[in-house]
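Trainee: Quick one: the structure is below, and I'll ask about it shortly.
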Amino acid sequence: MTTATPLGNNTQLSGNVTTKSQEQSLYQSSGAIVAAIVVGVIVIFTAVLLILKTYNRRARVRRELQPKPSKAAMPPPLGHKGLAQPPTVTFIPVDIHLHDR
């Protein structure tokens, strides 16, 4: 003949298994949520970088295609000499053999 196991013991075991499986599913789902957030941030960051790259490329092409103003039409900045005259340096040799008075 078979012996019957106590009913209270089975319910307690199944309750623990249910609690642990709920905790485990919560941990797994929280890990999945964190992973999804990280992947989403990486995707958004990559999209922003690509958008900035294409914008920079278009702006550079637009800048290169614009006609450049002639340098003669632009006056030199105030207080500075024009680039036509290079700065001159005068060297005055000093007599090394001068005696103190």
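Trainee: What are the residues in the stretch 1-57 that are open to solvent by 100 Å² or more (accessible area, probe 1.4 Å), of a type outside the set (A, V, I, L, M) and modelled with pLDDT under 65, if any?
Mentor: Across the stretch 1-57, the qualifying residues are THR2, THR3, GLN12.
Trainee: Could you please let me know if THR90 is open to solvent by 90 Å² or more (accessible area, probe 1.4 Å), modelled with pLDDT under 90 and of a type in the set (S, T, N, Q)?
Mentor: Judged against the criteria, THR90 is a match.
The values are calculated or read from the model by the stated rules, or taken from the named source; none is laboratory data. Note that this is a predicted model, so its numbers are computed, not measured. To get the accessible areas, we keep the full protein, side chains included, count just its heavy atoms, and leave off ligands, DNA and RNA. Shrake-Rupley method; radii C 1.70, N 1.55, O 1.52, S 1.80 Å.
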